[in-house]
Amino acid sequence: MTHAWMPASPCGTGCRTAPVATAGALRVVVRCVLIALLLLVFPLLLAGRVLPAPGRRAAARLGARGLLAALGIGLDRRVGRPADAGVGTLVVANHVSWTDILVLAACFPCRFVARADLVDWPVLGLLARIVKVIPIARDRLRTLPDTVDEVKDALRGGATVVVFPEGTTWCGTAYGRFRPALFQAAVDTGATVRPVGIAYRERTGAPSTATAFVGAEGIGESMSRILRLRGVRAEVVTVADLDAIGGDRRDLARRAE
């Protein structure tokens, strides 16, 4: 079911440009083997008590970096230090692809607010359950206050929570406006709001839309296509933190956007 306030993107498969370079069959097979090995090892480390909490957080970042590398996506980052213990941070980012989750998880320990059906996806679903993704059902407005409350609880506990306020994916050369609802969690808890920009680039430095998860493409089709990319890098940049204390969620959303 949809409603008038449900985010929608005009981006489709026509927005994606052909990649400059693609991987051969052997490279794709090697990538699939590496992904399978990573999905075998890291969930056991993260779900069990093999490692203490700091070790599990480090393993989560290492696992995300490994999966990105296995997918053939490099990472260039200029990311600030996460908030001190006891002070929550709401990271707000633009949204291009499901790979954004791996990109940001590789940068810092965090939880994600993500589409409710993510737990049913291949690869990401297992990781989503382990890192306790906060689900959001954007087609059911009645559940939105509950999602905001979950984000508040996480922020009060000192967590870094990542949200994608555009509410859907765009191609990376066009962008949607930031919806204000989840900013209320930062206003109510006094958490820091940290805007983060994600962009994908070809080896030449030119912007790339090759990873964009837009249109009617399914997750399996998207994963298969991205496995064949070569030379794509994710660029992650933060700007100055925003103080949410005494603020207004709409003003925060506008400034973060």
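The values are calculated or read from the model by the stated rules, or taken from the named source; none is laboratory data. On a predicted model such as this, the values are computed, not experimentally measured, just so you know. Please note: Cβ atoms are built from the backbone with ideal geometry, for glycine as well, and neighbour counts cover all protein chains shown. Ligands, DNA and RNA are stripped out before the accessible areas are found, and what is left, the full protein with its side chains, is counted by its heavy atoms. Shrake-Rupley method; radii C 1.70, N 1.55, O 1.52, S 1.80 Å.
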Compute the helix-to-body angle for 53-71: its Cα long axis versus the longest principal axis of the chain, expressed 0 to 90° and rounded to tens. 40
How many angstrom lie between the C-alpha centres of the stretch 178-223 and the stretch 115-130? 17
For labels at Ala69 and Ala116 in the simple 7 Å Cα→Cβ model, what's the distance in nm? 3.8
0 to 90° range, to nearest 10: angle between helix 25-47 axis and the chain longest Cα axis: 40
Using alpha-carbon pairs under 8 Å, 6+ residues apart, how would you state the relative contact order of the stretch 1-160 in percent? 27
Which one, Arg31, Arg16, Arg142, has the greatest fluctuation when you compute a Gaussian network model over the chain with C-alpha springs under 10 angstrom? Arg142
Work out, step by step, the length gained on full extension between Leu62 and Arg129: first 0.36 nm times the residue separation, then minus their alpha carbon distance; give nm to one decimal. 22.4 nm
Under Stokes-Einstein, with the Kirkwood radius over Cα pairs standing in for Rh, what whole-number D in µm²/s applies to the stretch 56-173 at 37 °C and 0.692 mPa s? 221
Could you give the nm distance between label points at Val50 and Ala21, where each point is 7 Å from its Cα heading toward the beta carbon? 3.3
Write down Rg/Rh for the chain, rounded to two decimals, with Rg from the C-alpha atoms and Rh from the Kirkwood relation over Cα pairs. 0.95
If amide H atoms are modeled at 1.01 Å from N in the peptide plane, then the residues at a separation of 5 or more from Tyr200, or on another chain, having amide H under 5 Å from its own are Ser208, Glu235
Probe 1.4 Å, protein heavy atoms only - accessible area per residue of the chain in square angstrom: 48
Determine which residues of the stretch 168-182 fall in the zone a paramagnetic label at Asp149 would reach in this model, i.e. backbone nitrogen under 20 Å from the point 7 Å along Cα→Cβ. 181-182
With every protein chain present, what accessible area does Ser224 have (1.4 Å probe, heavy atoms only), rounded to the nearest 10 Å²? 50
12 Å beta-carbon shell around Arg254, net charge (K/R +1, D/E -1): +2
Calculate, for Arg156 and Arg225, the FRET efficiency according to 1/(1 + (r/R0)^6) with r their C-beta to C-beta distance and R0 51 Å; round to the nearest 0.05. 0.80
